[in-house]
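Inspection log for the structure reproduced underneath, given as structure tokens.
The values are calculated or read from the model by the stated rules, or taken from the named source; none is laboratory data. Nothing here was measured: the structure is a model prediction, and the numbers come from that model. Note: ideal-geometry Cβ built from the backbone for every residue, glycine included; neighbour counts use all protein chains shown. Remember, those area values only see protein heavy atoms, side chains included, never the ligands or the DNA or RNA. Shrake-Rupley method; radii C 1.70, N 1.55, O 1.52, S 1.80 Å.
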Amino acid sequence: MNNFRVFSDSAKGIMHENQDVGLAKVKANHAYLIVSDGHGGKDYIRSHIGAKHAVLALEAIFNDFASNYKNFDSINHAEQTLKEKIITSWRKLTIDHYINNPLPSYEIDPYKLYGATLLGVLLKDDYMVVIQIGDGNILALLENEDIVQYFKKDKKLVGNETTSICEINAIKDLHVKIVKLNVLPILIMVTTDGVINSFTDINDFYSLPKEVVMEIKSLGFNKTCQNFRQLLNDMVNKGSGDDCTVAILYNFSPTNFK
Amino acid sequence: MGLRKLGVEKISARPLEFIWILDVSGSMHGERIAALNYAIKEAVPAMQEAAQSNVNAEIMVRVLTFSTDFTWHISERTPVKDFEWSDVRAEGLSNLGLALTELASILDEEKMPERGLPPVLVLITDGEPTDDYKVGLDLIMSKVWGKKSVRLAISVGNDVEKTVLEDFIGNKDIEPFEVENASQLTQYIKFVSTKVLSSVSLVKSDAHSLFKFDFELPELDDESPNNDVYDKF
């Protein structure tokens with residue numbers, strides 16, 4: 001994964017402490033991007049912790065998967081196993097935290113206190129794993145310049161609604177896809193919903209991966225990261241006002257970097 | 001374009017529809033309609049101020065009135081900074097069902113902004129509907145945006161059938177506001193125009209939850225000085 005550079009950043013929303021968590025890492029043989037968005041509000045008072053648990057759980061699962069997964073004959077089974085592992089790991093971290101930090105008079109399902117979304121991409125040389133529960137976006141810019149969004153938004157979810165990893169039936173709302181790759185994407189971008197909700201025209205959001213690539217080519221990776229930081233601040237101050245988080249993976253391979 | 005320019009030119013607050021549904025039937029004639037006109041006029045500056053400090057929601061106002069028929073008193077989505085109140089007059093029957101049916105028609109998915117916040121629908125009425133309001137309400141609830149709208153109701157005086165307002169609100173956590181005089185009506189109208197709007201714009205809900213109040217109800221001024229705005233309706 002020598003040709004890859006990653007970047008993640010998060011801007012705190014206007015109302016509360018940041019309940020988003022973002023992570024981007026490149027390792028010797030794989031790379032991954034993960035973001036999680038704690039729901040906030042009175043019912044989800046520990047959602048910032050739930051978001052951290054979600055990222056921690058998925059990071060461990062991605063690392064394990066990247067080392068051990070080889071059998072492409074049973075993709076459906078692998079996807080199902082990943083789903084179960086993600087939910088089980090998050091619930092384990094969460095209930096352990098709750099047992100150590102109980103709220104004696106709380107009557108609702110303790111998992112709900114920690115409600116969060118979770119989006120992630122694991123990239124290897126010949127495949128990619130894409131996972132999502134809840135709102136937010138995963139976009140990939142392919143070599144032919146097509147933008148791919150792996151999971152479309154559920155049209156029944158409007159306003160500020162989202163599905164959540166805290167739900168008892170979360171596994172039904174958790175999407176996992178293993179995508180075989182002949183050519184690696186130029187750029188992968190994972191964002192929390194504060195980002196898309198900041199754009200007046202949704203098409204400008206979908207053009208963001210291309211903008212990032214053009215900027216990297218003209219200004220370099222580090223300067224682009226700085227400018228993206230400013231863009232996240234603009235989103236908070238003039239856009240959705242929500243926490244805004246991004247994780248980006250850029251493929252510096254010579255054919256892309258013309 | 002570049003990321004810096006994108007932040008300047010392509011980012012904006014999320015649209016939030018705020019719709020008044022006002023009963024202008026004959027029973028509102030006189031003191032009540034005068035109080036309603038006064039209260040909304042009074043609330044406009046507070047609403048504009050709240051909108052200014054809530055930079056992450058672009059509040060758009062519309063006003064639907066109903067009596068024997070419905071009328072869009074303000075039909076276009078009007079930015080709150082441009083919102084001006086012109087008085088409404090009261091006469092005729094109280095066909096709430098007709099108004100709700102009309103309201104349902106604007107809550108279609110394709111007519112609502114995709115990144116919009118849940119619309120806020122505020123019903124103000126003083127009596128029992130003279131038609132089958134459930135037909136219109138069912139239509140609203142059949143729409144995704146209708147189901148997720150934040151619905152509030154203010155009952156003017158003591159003649160209102162409370163169950164109608166509870167049905168409209170559709171959320172046991174939210175009671176109808178009962179007002180007995182013009183002063184209380186003004187306070188509640190200001191309250192829903194400011195605090196509720198701010199709250200709606202930032203609370204996130206899971207797919208199965210209804211909107212929850214994230215603020216305290218205002219304490220009504222119960223003093224009754226010698227002033228006609230404190231006279232009971």
Take peptide B:112-119, look around each residue's Cβ out to 10 angstrom, count Cβ atoms belonging to other protein chains, and average those counts. 5
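From other protein chains only, count the Cβ atoms within 10 Å of every residue's Cβ in A:140-153, then give the mean. Intermediate values should be presented prior to the final figure.
Numbers: counts 0, 0, 0, 0, 0, 0, 0, 0, 0, 0, 0, 0, 0, 1.
Mean shielding by partner chains, rounded to a whole number: 0.
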With a 10 Å cut-off between alpha carbons and a GNM built on chain B, which of B:T101, B:T71, B:T163 moves the most? B:T163
All aspartates and glutamates inside 17 Å of B:K232 as judged from Cα atoms, apart from same-chain residues fewer than 8 positions distant: B:E31, B:D126, B:D159, B:E178, B:E180, B:D221, B:D222, B:E223
Residues along the stretch A:172-210 losing 20 Å² or more of accessible surface when the other protein chains are present rather than the chain by itself (probe 1.4 Å): A:N197, A:S198, A:F199, A:T200, A:I202, A:D204
One finds the C-alpha centres of the stretch B:107-156 and the stretch B:14-31 to be spaced, in Å, by 12
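Give me the percent of accessible area attributable to carbon and sulfur for the stretch A:4-251, probe 1.4 angstrom. The partial results should precede the final answer.
Details: 5040 of 10020 Å².
The nonpolar share, carbon plus sulfur, comes to 50 percent.
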Relative contact order, percent, of the stretch A:4-251 when contacts are C-alpha pairs under 8 Å separated by at least 6 residues? 28
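Chymotrypsin sites (Phe, Trp or Tyr not before Pro) within the stretch A:106-182: which are DSSP loop residues with at most 15 other Cβ atoms inside 10 Å?
Working: sites: A:Y106, A:Y111, A:Y114, A:Y127, A:Y150, A:F151; in loops: A:Y106, A:Y114, A:Y150, A:F151.
Filter output for the stretch A:106-182: A:Y106.
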Please state, rounded to one decimal and in Å, the Kirkwood hydrodynamic radius that the protein assembly as shown gives when every pair of distinct Cα atoms enters the mean of 1/r. 24.4
How many angstrom separate the Cα center of the stretch A:147-182 from the Cα center of the stretch A:32-64? 15
Suppose we compare each residue of the stretch B:1-36 in its chain alone and in the full protein complex with a 1.4 Å probe; which ones drop by at least 50 Å² of accessible area? B:L3, B:R4, B:L6, B:K10, B:I11, B:R14
Could you work out the longest stretch of chain B that avoids the GluC sites (Glu not before Pro) located in DSSP loops with at most 14 other Cβ atoms within 10 Å? B:1-83
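Divide by every residue of chain B the summed helix terms, -39500 (n - 2.57) for each DSSP H run of at least 4, and state the resulting mean residue ellipticity at 222 nm, rounded to the nearest 500 deg cm²/dmol. Could you put the intermediate results ahead of the total?
Values: 8 runs with 75 residues, N = 233.
Taking each H run of at least 4 residues, the total per residue is -9000 deg cm²/dmol.
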Per-residue accessible area for A:V183 at 1.4 Å probe radius, Å² rounded to 10? 80
Within the set A:L23, A:L113, A:L103, GNM on chain A using Cα springs under 10 Å gives the largest fluctuation to A:L103
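Averaged over peptide A:222-228, how many Cβ atoms belonging to another chain are found within 10 Å of each residue's Cβ?
Numbers: counts 0, 1, 2, 1, 2, 6, 4.
Mean partner-chain Cβ count within 10 Å for A:222-228: 2.
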Let me have the 222 nm mean residue ellipticity of chain A computed from DSSP H runs of 4+ only, each contributing -39500 (n - 2.57), with the sum over all residues rounded to the nearest 500. -11500 deg cm²/dmol
Estimate for me the total accessible surface buried between chains B and A (protein heavy atoms, probe 1.4 Å, no ligands or nucleic acids), in Å² to the nearest 100. 3600
Could you name the lysines whose alpha carbon sits less than 22 Å from that of A:K25, not counting residues in the same chain fewer than 8 places away? A:K12, A:K52, A:K70, A:K83, A:K85, A:K124, A:K177, A:K180, A:K210, A:K217, A:K223
As I understand it, the dipole of chain A uses +1 on the Cβ of Lys and Arg and -1 on the Cβ of Asp and Glu, about the Cα centre. Which of A:G241, A:G50, A:F62 lies farthest toward its positive end? A:F62
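Could you give the accessible area per residue of the stretch A:4-251, probe 1.4 Å, as a whole number in Å²? Mind showing how you got there, number by number?
Working: 10020 Å² over 248 residues.
Ligands and nucleic acids excluded, the figure is 40 Å² per residue.
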Expected output for the stretch B:44-82, residues with a loss of 50 Å² or more in accessible area relative to the chain alone at probe 1.4 Å, reads B:N56
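Which loop-located trypsin sites (Lys or Arg not before Pro) does the stretch A:102-189 contain, where loop means any DSSP state but H, G, I, E or B and the Cβ has at most 10 other Cβ atoms within 10 Å?
Working: sites: A:K112, A:K124, A:K152, A:K153, A:K155, A:K156, A:K172, A:K177, A:K180; in loops: A:K124, A:K152, A:K153, A:K155, A:K156.
Answer by residue number: A:K152, A:K155.
For the stretch A:92-239, what does the relative contact order come out to in percent, with C-alpha contacts under 8 Å and a separation of six or more?
Answer for the stretch A:92-239 is 24 percent.
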For the stretch B:1-150, what % of the accessible area comes from carbon and sulfur atoms, probe 1.4 Å? 50
Relative contact order of chain B, defined on C-alpha pairs under 8 angstrom at six or more residues apart (%): 22
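Can you give the accessible area per residue of chain B, in Å², using a 1.4 Å probe? Show your work: numbers first, answer last.
Numbers: 10250 Å² over 233 residues.
About 44 Å² of surface per residue is accessible.
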Note on the stretch B:102-206: alpha-carbon gyration tensor, axes a ≥ b ≥ c; rule is a/c under 1.5 for rounded, else prolate if a/b larger than b/c, else oblate; result oblate
Would you mind estimating how fast the stretch A:4-251 diffuses translationally, via Stokes-Einstein at 37 °C and 0.692 mPa s with the Kirkwood radius over Cα pairs, in µm²/s? 180
